[in-house]
Each structure stands twice: as C-alpha cells, then as structure tokens.
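Student: Please find one structure pasted underneath; my questions will follow.
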Amino acid sequence: MLVIGLTGGIGSGKSTVAKLFEEFNIPVYYSDIEAKKLMINSKIIKRRLISYFGEEVYVNGQLNRPFLANLIFTNKTNLEYVNSVVHPKVNQHFKRWIKKQNKNNYSFVLQENAILFENGSNDLFDKIIVVTAPIEVRIGRVMKRDKTSKAKVLERINNQWSDEKKIAKSDFVIENIDIDNTKKQVKNIYNLLIK
C-alpha cells in the first residue's frame, strides 16, 4: 500500500481534491482536523502550550483558536514552537492510522497536510501531490471561507512555502481552478497510483 502526501498552500483546494479521491474509495487522513483534536485531547500538548503561551490559550478546556492564531501567524518563532509540539504527535497518530488502513487492501492512502514540506514530514510518503491555484484565487477563497481580510490571508500564505518550491519536490501537480478539470486530473493520478 502506497502512502501519498497531498499538500498545497492555503486556499489551493486541498480538501476539495481529497474529497475527490474519497469518491474513489481512498481513505484520507486530514492532518489539520486531527491536529485540532489532539490539541484538545492530548494532555502533553495542552501542558506545553499553556506553559509557553499562558492559561488563556485554552478557554473552558477548548483551544482558544483566535488567540493562538494571532500569536502564531504574526510570529515565526511561535509558529515553529506550535509545530514542534503538535506535528510529532500528528505523525505518531498518522502512523497508527496507516496500520488500521493496511488491513483493508487499499492501493494507497492519502494524508492531506498543508505544511507537509514545512514540517519535514515529506519523508513519510511514497509520492507527493501538490494542489495549486493562482494566488488571487486562493486569497479570494480564504477570505470568503474564513470571513477574513486579505492582509490576514497573506500573513498565512507568507508562512508557507511557495507553490514553485513545493512543485519542485512533488511527484504530481493538480491545478485546481475549474472543478471538472480538477476531477480529470484526480482521475488520471488515481489511475497511475493503482497500477
């Protein structure tokens, strides 16, 4: 069973592409969703975040997302600290998840991970797919989805690798502008990966 990484910058449409692979009965591990769960459920992560950022990083046992986002997207050191705390736990959880999928004879599984290269987890994968879209399209999607400003979106984009840098290290590129064209690209990659 192949382990495939699916990455791309914020607003590129990774989740859309992941869902298209799910239509082919391919299991997908959504790193961001799992990381959020671990940040609430892992005592180790909680303890380390509180000791670094203070008690207000959690409110009533729940992660104070706006507070944390404000601290990490404006300060690279804070972002690196959170990544160093959360990502090793996500990788451990992902490895356990793979073992469970192994029993079902899938040709491959996918991990959707926005910062797969940035956090150094690219070595976990047999192949990597990067999803791209023009920068203005990405900004528009995120502003609409998160009801946020262009400046806030650009802060987040600037904390990620450029598309060019990701493409250079990836095996497949999906340009996600038009959904019908995206579906064709997903199908082509799916057919190559199941051979």
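FYI, it's all coordinate maths here, none of it is from the lab. Note that the coordinates shown come from a computational prediction; the quantities given were computed from them, not determined experimentally. Note: ideal-geometry Cβ built from the backbone for every residue, glycine included; neighbour counts use all protein chains shown.
Student: Looking only at residues that are among the small types (Gly, Ala, Ser) and part of a helix (DSSP H, G or I) in the range 46-102, which one is farthest from residue 10 (Cα to Cα)?
Tutor: Among them, the one singled out is 51.
Student: Test residue 44 against the criterion of being β-branched (Val, Ile, Thr) and over 30 Å from residue 184 (Cα atoms), and give yes or no.
Tutor: Spelling it out, residue 44 is indeed β-branched (Val, Ile, Thr) and over 30 Å from residue 184 (Cα atoms).
Student: Next up: What are the residues in the range 19-33 that are within 19 Å of residue 93 (Cα to Cα) and either surrounded by 19 or more Cβ atoms within 10 Å (Cβ to Cβ) or not charged (D, E, K, R) (or both), if any?
Tutor: 26, 27, 28, 29, 30, 31, 33, listed by residue number.
Student: Step by step: first the residues of the range 1-24, then only those that are assigned to a loop (DSSP other than H, G, I, E, B) and in contact (Cβ under 8 Å) with a residue 60 or more places away in the chain, then the one that is nearest to residue 71 (Cα to Cα). Which residue is that?
Tutor: Top of the filtered list is 10.
Student: Condition test on residue 98, is it in contact (Cβ under 8 Å) with a residue 40 or more places away in the chain, under 16 Å from the mean Cα position of the chain (by Cα) and farther than 23 Å from residue 43 by Cβ?
Tutor: Taking the combined requirement at face value, the residue does not satisfy it.
Student: For residue 19, state whether it is over 26 Å from residue 149 (Cα atoms) and of a type in the set (Lys, Arg).
Tutor: Spelling it out, residue 19 is indeed over 26 Å from residue 149 (Cα atoms) and of a type in the set (Lys, Arg).
Student: Here's a follow-up. Among the listed residues 112, 136, 55, which satisfies the condition of being within 30 Å of residue 2 (Cα to Cα) and not polar (S, T, N, Q)?
Tutor: Result of the check over 112, 136, 55: 112.
Student: State the number of residues belonging to the range 139-163 that are hydroxyl-bearing (Ser, Thr, Tyr) and within 22 Å of residue 175 (Cα to Cα).
Tutor: Summing the residues that are hydroxyl-bearing (Ser, Thr, Tyr) and within 22 Å of residue 175 (Cα to Cα) in the range 139-163 gives 1.
Student: Select from the range 38-51 the residues that are among the charged types (D, E, K, R) and either surrounded by fewer than 14 Cβ atoms within 10 Å (Cβ to Cβ) or in contact with a Cys (Cβ under 6 Å, 6 or more places away or on another chain) (or both) and list them in ascending order.
Tutor: Listed by number, the residues that qualify are 43, 47.
Student: For the range 25-45, enumerate the residues that are out of contact with any Leu (no Cβ under 8 Å at 6 or more places or on another chain) and in a strand (DSSP E or B).
Tutor: 30, the sole residue that qualifies.
Student: Moving to a separate point now. Looking at (1) touching a helix residue (DSSP H, G or I) at 6+ places or on another chain (Cβ under 9 Å); (2) under 26 Å from residue 125 (Cβ atoms), which is the only condition residue 74 fails?
Tutor: Tallying (1) touching a helix residue (DSSP H, G or I) at 6+ places or on another chain (Cβ under 9 Å); (2) under 26 Å from residue 125 (Cβ atoms), residue 74 fails exactly one: (2).
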